[in-house]
Amino acid sequence: MAKQPPNEQPATDEQPKAGRKKLFILLGAGLLALLISAGVAGWFLLSGNDAEPADPVAAAPVRQAAIYQPLDPAFVVNYTHGGRQRFMQVSVVLMGRDQAGMTALTRHTPLIRNQLVMLFSSEDFETLYSPEGKEQLRERATLAVQSLLEKEIGNPVVESVLFTNMVLQ
């Protein structure tokens, strides 16, 4: 019968032990890498800059809803143009976003109406026919109302003066 060499039997016993050792080393290294990456991710998430919120949607300022204050009755202004009597009728609405400011604005409605009548009556009737002329008048009305309210209540309050109806005759 054939004898087995004595060298081969111990080598087969050592091979599974070496394979297990390599397996434990690889599993340990993987576990260590996982723990380090989790620690780094946690550090970045928890030690962010406190001045800047993580959510950009929450960082954006919330824009308040528009509040509209009509100036009733409509303004009627007369002009003399080319020897003829002409008229302009304008319905005006003031738009703002501050409820307290818009409430304070109602106390100064006579001043605002006076300012707008003076502005409307000083316009050239010919320029009001074009869309650009109407838009320029609207922008000047906005600036006039804002400057008046800045003097009276210390806050321009009105974001825009809107013309809801305009008739030129």
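Quick rundown of the values:
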read-out	value
Residue selected from the stretch 76-102 under the condition open to solvent by 50 Å² or more (accessible area, probe 1.4 Å) and of a type in the set (A, V, I, L, M, F, W, C), by the criterion nearest to the chain's Cα centre (by Cα)	A100
Within the stretch 26-74, considering residues that are in a loop (DSSP other than H, G, I, E, B) and surrounded by 10 or more Cβ atoms within 10 Å (Cβ to Cβ), the one modelled with the highest pLDDT	A66
Hits in the stretch 103-161 (condition: loosely packed, with under 12 Cβ neighbours inside 10 Å and hydrophobic (A, V, I, L, M, F, W, C))	M118
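The values are calculated or read from the model by the stated rules, or taken from the named source; none is laboratory data. None of these values were measured; they are calculated from a predicted model. When we count neighbours, we look across all protein chains shown, and the Cβ atoms used for this are built from the backbone with ideal geometry, even at glycine. SASA here: full protein model, heavy atoms, side chains in, ligands and nucleic acids out. Shrake-Rupley method; radii C 1.70, N 1.55, O 1.52, S 1.80 Å.
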